[in-house]
1. Taking H placed 1.01 Å from N in the peptide plane, check which residues at least 5 places from VAL48 or on another chain put their amide H under 5 Å from its amide H.
2. How charged is the neighbourhood of THR100? Take every other residue with its Cβ under 14 Å from the Cβ of THR100, and add Lys/Arg as +1 and Asp/Glu as -1.
3. Take ALA103, project a point 7 Å from its Cα along the Cβ direction, then tell me which residues of the range 1-16 have their backbone nitrogen under 18 Å from it.
4. When the chain is modelled as a GNM with alpha-carbon springs shorter than 10 Å, which of GLY35, GLY26, GLY15 fluctuates the most?
5. Carbon and sulfur: what percent of the chain's accessible surface (1.4 Å probe)?
6. Order TRP36, TRP112 by their accessible area, 1.4 angstrom probe, all chains in place, largest first.
7. From the backbone phi of the range 66-74, what are the Karplus-calculated ³J(HN,Hα) couplings (6.51 cos²θ - 1.76 cosθ + 1.60, θ = phi - 60°) in whole Hz, Gly and Pro given as x?
8. Say R0 is 41 Å: what FRET efficiency, to the nearest 0.05, do HIS53 and GLN117 get from their beta-carbon distance?
Amino acid sequence: QVQLVESGGGLVQAGGSLRLSCVASGTIISIHYMGWYRQAPGKTRELVARSTHAGDTNYADSVKGRFTISRDNAKNTVYLQMNSLKPEDTALYYCAAGLTVSATTSRTYRYWGQGTQVTVSS
């Protein structure tokens, strides 16, 4: 079975930095994209950043210029470098990946990690 495990969350002061990591394990035929979503209490889950297999990236407007997504394909790992953190960045951050896990199908399914908490104090 495929598993995504996030790490790197914590408590920081406004203006500080954190780096989140997500490792995908298990039998993976191909990775179509890996990315990060976040959800704050009372809010819907939103896309933060995403990286496709071709290296294309996209970011939420609220994090452009502050967050950077990167990947280490050899380790099936995606990172999110978060700089200049703001209190409004406080949320549970989820890793997500579009994966093909069976050689008998070409379909891609989305997998989710368990989430890691990021809290930014003012």
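The values are calculated or read from the model by the stated rules, or taken from the named source; none is laboratory data. All figures in this text were calculated on a predicted structure; none of them were measured in a lab. Cβ sites come from the backbone with ideal geometry, for glycine too, and all protein chains shown count toward neighbours. What goes into the accessible areas is simple: the full protein's heavy atoms, side chains included, and nothing from ligands, DNA or RNA. Shrake-Rupley method; radii C 1.70, N 1.55, O 1.52, S 1.80 Å.
1. So VAL48 has HN proximity to TRP36, TYR37, ARG38.
2. +2
3. The answer is 1-2.
4. The residue that fluctuates most here is GLY26.
5. 47 percent
6. Order by accessible area, largest first: TRP112, TRP36.
7. 10, 10, 9, 9, 8, 9, 10, 5, 5
8. With a Förster radius of 41 Å, E is 0.90.
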